[in-house]
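Student: One structure, as structure tokens, below. Some questions next.
The values are calculated or read from the model by the stated rules, or taken from the named source; none is laboratory data. The structure presented is a predicted model; accordingly, all values stated were derived computationally and were not measured. Note that we place each Cβ from the backbone using ideal geometry, even for glycine, and neighbour counts take in every protein chain shown.
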Amino acid sequence: MVQQESLFVADNGHQLHLRHIWQQPGGVPVLMVHGAIENGKIFYTESGKGLACYLAEQGFDVYVADMRGRGLSQPAIRKNAGHGQLEMITQDIPAFIDYVWQQTGQAMHLVAHSWGGVLLASAMARFPESVAKLRSKVCFGTKRSVSVVNWERIVKVELVWKRLAPMLAKRKGYFAARKLKMGADDETLESLQHSVAWVRKSQWVDPKDNFDYASAAKALNWPPVWHIAAIKDAVLGNPVDIKRFIRETGNHNTRFTLLSRKNGNRLDYDHINMLTHPIARNDHFPQVADWLRQHS
């Protein structure tokens, strides 16, 4: 039977939450990282649904992260919260990796959804020594910048993410995405502004301290990475932009898969239900577990 517990990692006045999910002790560890206006619940429910719970049933030792201020991490995002994308890259992710390493004594797999994959790649490029603690990385719908042009981009990216969300965040002191029913969790004004800067097809350079992630990534000895896209994900994880991000990382040890009925899947998935639809459990989730075993 799958068990769950909440663990907390102290970091500069923050209590960073990890949801530990396992069925048997000693399994190969998996660290899961959510995307923007999300929290770790994209991967699990307390009742045992989601990819995290599925992997625990397969014998993996799963840790689901809530970035600072999100999910059960404390303090929650509030007006004028003084942190953004840089803190997630340089503090949260290294703290989570170190904690799982210390708890398990094993190298871990990384699993990310959407922007979480960009943050993980950025942390790996910035701290190349962390790769020694990693086995592989799986990304669902991860792109850094948006190049495709369609109506969904005009609405979701150009109007909402680049204009409406920053305007509302400046007015309130943070982007209250949950209350506005525009996302599963809130974002700080700074993290929103920094993600907007990267989505604009600008260089992969830190907006705050000018660290050149693109150059560092090309020098990195990447672990195996699997990028998974969904056929109905028109803009947030469009296959064209996912492939652009793969090229940008310079990682030649990369696999790409497009989930669709045409490619043998049971559903034409989108950006969210590729992780949350009940069918996924018997569709591509077993393939993810097989990938992790192959690289264990």
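Residue-by-condition table, conditions (1) closer than 26 Å to Lys243 by Cα; (2) surrounded by fewer than 23 Cβ atoms within 10 Å (Cβ to Cβ); (3) modelled with pLDDT of 95 or more; (4) in contact with a helix residue (DSSP H, G or I) (Cβ under 8 Å, 6 or more places away or on another chain):
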residue: Gln24; (1), (2), (3), (4): no, yes, no, no
residue: Ala56; (1), (2), (3), (4): no, no, yes, no
residue: Gly71; (1), (2), (3), (4): no, no, yes, yes
residue: Ala76; (1), (2), (3), (4): no, yes, yes, no
residue: Tyr99; (1), (2), (3), (4): no, yes, yes, no
residue: Gln103; (1), (2), (3), (4): no, yes, yes, no
residue: His109; (1), (2), (3), (4): yes, no, yes, yes
residue: His113; (1), (2), (3), (4): yes, no, yes, yes
residue: Ala121; (1), (2), (3), (4): yes, no, yes, yes
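Student: Out of all the residues in segment 278-296, which are over 29 Å from Ala125 (Cβ atoms), without any contact (Cβ under 8 Å) to a residue 60 or more places away in the chain and surrounded by 15 or more Cβ atoms within 10 Å (Cβ to Cβ)?
Tutor: Matches in segment 278-296: Asp283 only.
Student: Oh, and also: Quick one: would you say Ile272 is modelled with pLDDT of 95 or more, closer than 27 Å to Pro29 by Cα, touching a Cys at 6+ places or on another chain (Cβ under 9 Å) and of a type outside the set (S, T, N, Q)?
Tutor: Here the answer is no, as Ile272 does not meet what is asked.
Student: If you don't mind, another one. Against the condition surrounded by fewer than 19 Cβ atoms within 10 Å (Cβ to Cβ), more than 17 Å from the chain's Cα centre (by Cα), at pLDDT 95 or above and not acidic (Asp, Glu), how does His252 come out, does it pass?
Tutor: no
Student: Another one. Out of the residues in segment 56-75 that are of a type in the set (A, V, I, L, M, F, W, C) and outside any loop (DSSP other than H, G, I, E, B), state the one that is farthest from the chain's Cα centre (by Cα).
Tutor: Residue satisfying both the conditions and the ranking: Ala56.
Student: Would you confirm whether any residue within segment 36-46 is hydroxyl-bearing (Ser, Thr, Tyr) and part of a loop (DSSP other than H, G, I, E, B)?
Tutor: Yes.
Student: Shifting gears a bit: Return yes or no: is Ala197 in a helix (DSSP H, G or I) and under 27 Å from Asp92 (Cβ atoms)?
Tutor: Yes, satisfied.
Student: Can Asn221 be described as among the polar types (S, T, N, Q) and either loosely packed, with under 14 Cβ neighbours inside 10 Å or modelled with pLDDT under 95 (or both)?
Tutor: So Asn221 passes the test.
Student: With Glu152, Glu129 as the choices, which residue is out of contact with any helix residue (DSSP H, G or I) (no Cβ under 9 Å at 6 or more places or on another chain) and without any contact (Cβ under 8 Å) to a residue 40 or more places away in the chain?
Tutor: Unique residue meeting the criteria: Glu129.
Student: Any residue in segment 39-61 that is of a type in the set (A, V, I, L, M) sitting within a Cβ distance under 6 Å of a residue that is surrounded by fewer than 19 Cβ atoms within 10 Å (Cβ to Cβ) and assigned to a loop (DSSP other than H, G, I, E, B)? List the pairs, counting only those 6 or more apart or interchain.
Tutor: Partner pairs satisfying both residue conditions: Ala56/Val2; Ala56/Gln23.
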